[in-house]
Every structure is written in C-alpha cells, then in structure tokens.
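Each remark here refers to the structure printed beneath this line.
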Amino acid sequence: MEQRKIRFDETFQPGRIDFAGEDLEQSSPLHVAGSAEALAHSDGEVRVRGKYTVEMGAQCDRCLGRVRYPLDGGFELYYRPVSAIAREEEVEIGEDEVEIGFYEGGGLEMEDILREQVLLALPMQRTCSEDCKGICPACGRNRNETECDCRIESGGDRWGALRRLEI
Ligand SMILES: [Zn+2]
Ligand SMILES: [Zn+2]
C-alpha cells in the first residue's frame with residue numbers, strides 16, 4: 001500500500017474559521033504547520049499532526065472586559081473513513097477509541113480541526129483574572145476599576161457577605 005504524506009503550512013486570517021456562537025474572536029492570524037498521512041496497513045486511517053499559534057479574545061464572564069488568550073498548541077489526531085463504520089457497526093467502540101474521528105470521501109476540513117482544537121484549549125471559565133471582582137449588581141460599575149459602597153442586601157448573596165467580612 002502506498003503511503004501518502006501531505007505537509008501543510010497555512011495561515012488562517014480571522015473570519016475563515018467560524019467561531020460565531022462561541023463568544024470568541026480570533027484576534028490574530030492562526031498559523032498551523034504539520035502533516036497528514038494515510039497509515040500503512042490500516043483501513044484508510046489518517047493521522048493528522050500539527051502545531052498552531054493564534055491569539056483569541058473573549059469577554060470576561062464576570063466584568064465583561066476583554067480577555068486575551070495567546071495559544072500555542074499541538075495536536076495528533078486519527079481519522080477513519082466513514083465507510084469503515086459500516087463494517088465495524090457491531091463492534092463496540094471502546095472508551096479509549098473516542099479520540100478517533102471519521103471523515104467522508106472529500107477528506108478532512110482543516111478549519112473544523114482547528115476550530116475544535118482552539119475550543120479545547122480554552123478554559124470553560126473565562127475571566128480576565130482569577131480575582132476579577134466583576135460588575136456590581138447594584139450600581140453596574142466595574143468593581144476592578146472603581147470601588148463602590150453598594151450594600152447588597154439580598155439575603156441570598158452569601159459571597160457578598162463574606163467579602164464584606166474580609167474588609
Ligand atoms: Zn473580569
Ligand atoms: Zn455598586
């Protein structure tokens with residue numbers, strides 16, 4: 001079986017990869033370099049390896065300020081052709097095989113791979129700093145920039161009460 005290896009070295013300008021719906025913004029070109037190769041003695045399995053750099057921007061969950069995420073990551077992924085599924089249908093896919101994706105005749109979309117890698121690299125909680133004080137629920141001021149004297153009287157706000165105790 002002939003082994004094919006394709007090298008890639010590409011730059012994706014903001015807008016080419018669709019991050020809409022993720023509250024994310026690509027603030028620098030994304031550069032990726034690596035290779036994709038069909039593995040010998042496999043059923044059309046493809047291995048894609050690469051390294052990428054990009055800077056992403058998001059909104060802080062607490063204060064709505066900007067958060068910057070300079071990413072410098074790598075990946076190694078395995079894909080099988082969709083046609084292989086039919087034959088393996090009765091074979092239970094083990095937990096350790098979850099990493100294997102599938103591709104259809106047209107091949108792999110680098111945009112999809114990169115989109116997923118970037119999302120995986122970002123934290124679930126996006127805050128500008130670990131101790132971001134957020135926005136005051138009473139006066140709406142950014143408490144990182146301005147101290148305010150609002151007393152949050154709602155009984156449910158136990159964290160607010162704790163914060164006052166610490167002062
Ligand atoms: Zn913040
Ligand atoms: Zn306030």
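Bear in mind that the values in this text are calculations on the coordinates, not laboratory data. All of these numbers come straight from a predicted model, not from anything done at the bench. Virtual Cβ from ideal backbone geometry, glycine too; neighbours counted across all protein chains shown.
Tell me the net charge near Q13. Cut-off is 14 Å between Cβ atoms, Q13 excluded, with +1 for each Lys or Arg and -1 for each Asp or Glu.
Result for the local shell: -4.
Would you mind computing, in nm to one decimal, how far apart the modelled labels at I6 and E22 are, each placed 7 Å from Cα along Cα→Cβ?
Simple spin-label model gives 2.2 nm for this pair.
Count charges around M110 for me, please; just the other residues with Cβ under 10 Å from its Cβ, Lys/Arg as +1, Asp/Glu as -1.
After counting each charged neighbour, the total is -2.
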